[in-house]
């Protein structure tokens, strides 16, 4: 038996192990006790001791020994060692033992191997509540809460009674999804068994579910009913008040100085004072010490780095003595020199030139480079002489939501090669969000940004922009929140500042502007716990800065629909708005189908953009109806509205906004009425057809009928044309795209705050070319609306990539891209035809009757 055990364990013990002190002589009866003790103190020692025992052919290794090894692998997320332990379980015949099976499920869940988790579960012949709970927990841990709830439901179907642990895990899934209705159903299960109400962990999970799902009233009732509360109970309730804009209530609960309001902590080794200290270290009004980055509390390496950068910042000389007198003038010049030095480190030696459109991703000379660095949606691709990535297909650059490159920091060469960074930090220098890398690893860099802003403010000025070589560093100060963008994409200052404004607005949508009061109470306030899980929301918004014109046009777009179809949707939404709903919005992806506001209330296009981004980037909204507090920054930045969200199909969702936190059931009834009418009137089928058909195409531009069309001079103010020029117009321009080489256009209705753009087609038919055209439109818009040199009415540009024509009137703005060889007069005439075409189609492409926002 010992020989066989040594043989099957050879793969487990053959790997080179680190040297560690282990007992030289271990009695067989003490093997499992020693393994268990190591499991608590140092799981790695458990694995090493087990390997050593196998090498020494100790006969006392049994199923409990393997159990402790599997648990150690789970604690340290060791996938390879865990699979080797599983192999031993099979070969030694321990597989039917239930506690070994459940520990294997936990191990695979800890290593993010959900497929093997389910496979392991399916192989268990008699599944008890522990097995089901382990499987549900595995999906929750791996951020698949919707699947966890499906399995919880299957557990009910096969008549396996859930215990307290099962319900606790299921409530965590409900909280992650925002599935209030399922959470209420689980609450009913709990109250059917009075003994469950005495389980504090279960009550805390239920309280957390109500807080995250937006029902603060039920959360307060539940909190008051809990006889013995612990730190988690108080923390959940205070965070709940803060998330719902009830800052005073949150702060008053955090103030536990009155004896009658101190929490009654159950049996614990800590005194009440120690418990209060633990609460104060976690609650929203007190900062977390380990996240503090003031120079006096920072690590020695961070202090040295901050001093070095600060010396260079003040004096333009990184090696200067910190005792030298600070300059009193030429602040911008000093800052610029420092950032120029920093940008040289950030920029790759072989990075392509960023001058002109040729530097943008997808430029005409990109495929001809022999070597260098290619960026795709912010990614850096190293390209060699024969690298197959030299020509990147669309499928290879598929953008995925969420945090990008979290293992990078400012010392990483790949991090410095990124062409566009975004940062959010507090006025004390705490990192809140970074587009790339781990925020905590970027503590020193955040402190540098904060030092720059503070230094200029101390001089009675404000820093907006620093140019350093090809890099621009744009700053935006919003009270206690600092935002910064470092870019070498040659976007204008106004464009980058607008993007920072939207990024700040997205944060306000989640937290409201009342978070400023938290910083007033405590300058070291740490808001990162309040933004947990929102990386995908910010990343999705930043990604849209490269493709969605709504970001700089400040307008929203509508899904093309027949007028009668849109009216049918608007009528039922209006009925709902008259019943106490502030806004009723029907959308398909980022396009509006219908929008109705109570008493002609209107939504700012920026709020529409942020709201749709918040919904589409949060997977939880897709799986079940949700009720969540949100803030509309341009509507009222200080208060929450309560949003009921329900997806009617894969892309179409209904959004109902109310001022009441108790409106869930009313809004649900409204949704049922709306969905019934939409199905009966065939609106949803028409929406799907429109998604398949797409929008306007330049190839479909109607022909010019000569005498029935206005002269060009009536539109663009151009001089009348001679007979010879008219004959020139009659000649069709031969080229790719639409008439006269028209490639693409965007039209913005100023009165409606809406825009329409043509579908992309050849030659602008891949993502690289589309992004380059988007940037060209962005620059054209910025130059047309430059307040320093005055607004323009028309602009005609020709370069190696396009002919760009822009026309601005009191009613609309038109942006069009033509073939680089297009004739100017013919392009102008084509723009007239586009305007007439849009006028004829406005009932289908615009939401008429929508109230314009009062800017």
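The values are calculated or read from the model by the stated rules, or taken from the named source; none is laboratory data. Owing to the predicted nature of the structure, the values given are computational and were not obtained by experimental measurement. With ideal geometry, Cβ positions are generated from the backbone for all residues, glycine too; neighbour counts draw on all protein chains shown.
Listed here are the residues, each with its yes/no results for (1) under 25 Å from residue 842 (Cα atoms); (2) in contact with a helix residue (DSSP H, G or I) (Cβ under 6 Å, 6 or more places away or on another chain); (3) outside any helix (DSSP H, G or I).
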| residue | (1), (2), (3) |
| --- | --- |
| 565 | yes, yes, no |
| 574 | yes, no, no |
| 584 | yes, yes, yes |
| 608 | yes, no, no |
| 618 | no, no, yes |
| 637 | no, yes, yes |
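Among the residues of region 432-452, write down those that are more than 16 Å from residue 480 (Cα to Cα), out of contact with any helix residue (DSSP H, G or I) (no Cβ under 7 Å at 6 or more places or on another chain) and buried (at least 21 other Cβ atoms within 10 Å of the Cβ).
The answer is 439, 442, 445.
Determine whether residue 821 is at negative phi and free of Cβ contacts under 8 Å to residues at least 60 places away in the same chain.
Taking the combined requirement at face value, the residue does not satisfy it.
Can you tell me which of 65, 51 is farther than 18 Å from residue 100 by Cα and modelled with pLDDT of 50 or more?
So the residue among 65, 51 that is farther than 18 Å from residue 100 by Cα and modelled with pLDDT of 50 or more is 51.
Output the strands (runs of 3 or more DSSP E) that fall wholly within region 761-834 and possess 3 or more residues being surrounded by 18 or more Cβ atoms within 10 Å (Cβ to Cβ), or say none.
803-808, 812-818
Any residue in region 708-730 that is buried (at least 16 other Cβ atoms within 10 Å of the Cβ), out of contact with any strand residue (DSSP E or B) (no Cβ under 7 Å at 6 or more places or on another chain), in the same structural domain as residue 793 (by TED's automatic domain parsing) and at pLDDT 50 or above?
No.
Taking the conditions exactly as written (modelled with pLDDT of 90 or more, on the phi < 0 side of the Ramachandran plot and not in a helix (DSSP H, G or I)), does residue 603 satisfy them or not?
For residue 603, the condition - modelled with pLDDT of 90 or more, on the phi < 0 side of the Ramachandran plot and not in a helix (DSSP H, G or I) - is not met.
What tally of residues in region 125-145 results from selecting those that are in a loop (DSSP other than H, G, I, E, B) and within 29 Å of the chain's Cα centre (by Cα)?
Going through region 125-145 one residue at a time, the tally reaches 3.
Spot the failing condition for residue 572; the list is (1) over 18 Å from the mean Cα position of the chain (by Cα); (2) closer than 30 Å to residue 420 by Cβ; (3) at pLDDT below 90, and only one is missed.
(2)
Of the conditions (1) touching a helix residue (DSSP H, G or I) at 6+ places or on another chain (Cβ under 9 Å); (2) part of a loop (DSSP other than H, G, I, E, B); (3) surrounded by fewer than 21 Cβ atoms within 10 Å (Cβ to Cβ), residue 525 fails just one. Which one is it?
Only one criterion is unmet by residue 525, namely (3).
Could you tell me whether residue 579 is out of contact with any strand residue (DSSP E or B) (no Cβ under 9 Å at 6 or more places or on another chain) and closer than 24 Å to residue 672 by Cβ? So that I can check it myself, show each step before the final result.
Values: out of contact with any strand residue (DSSP E or B) (no Cβ under 9 Å at 6 or more places or on another chain): yes; closer than 24 Å to residue 672 by Cβ: yes.
Here the answer is yes, as residue 579 does meet what is asked.
Here are the criteria: (1) surrounded by fewer than 22 Cβ atoms within 10 Å (Cβ to Cβ); (2) out of contact with any strand residue (DSSP E or B) (no Cβ under 6 Å at 6 or more places or on another chain); (3) under 30 Å from residue 683 (Cα atoms). Tell me which single one residue 574 does not satisfy.
All conditions pass for residue 574, except number (2).
Residues being farther than 22 Å from residue 501 by Cβ and in a loop (DSSP other than H, G, I, E, B): count how many of those fall in region 620-635.
Of the residues in region 620-635, 2 are farther than 22 Å from residue 501 by Cβ and in a loop (DSSP other than H, G, I, E, B).
Would a scan of region 165-178 turn up a residue that is part of a helix (DSSP H, G or I), surrounded by fewer than 20 Cβ atoms within 10 Å (Cβ to Cβ) and modelled with pLDDT under 85?
No, region 165-178 contains no residue that is part of a helix (DSSP H, G or I), surrounded by fewer than 20 Cβ atoms within 10 Å (Cβ to Cβ) and modelled with pLDDT under 85.
In this structure, does residue 539 turn out to be surrounded by fewer than 23 Cβ atoms within 10 Å (Cβ to Cβ), touching a residue at least 24 places away in the same chain (Cβ under 8 Å) and in the same structural domain as residue 497 (by TED's automatic domain parsing)?
Considered against the rule, which asks whether it is surrounded by fewer than 23 Cβ atoms within 10 Å (Cβ to Cβ), touching a residue at least 24 places away in the same chain (Cβ under 8 Å) and in the same structural domain as residue 497 (by TED's automatic domain parsing), residue 539 comes out as yes.
Given (1) outside any helix (DSSP H, G or I); (2) modelled with pLDDT of 90 or more; (3) surrounded by 22 or more Cβ atoms within 10 Å (Cβ to Cβ), identify the lone condition not met by residue 496.
(1)
Of all the residues that make up region 639-683, how many are more than 18 Å from residue 509 (Cα to Cα), in contact with a strand residue (DSSP E or B) (Cβ under 8 Å, 6 or more places away or on another chain) and part of a loop (DSSP other than H, G, I, E, B)?
Here the count works out to 3.
Looking at (1) assigned to a loop (DSSP other than H, G, I, E, B); (2) modelled with pLDDT of 90 or more, can you tell me which one residue 593 breaks?
(1)
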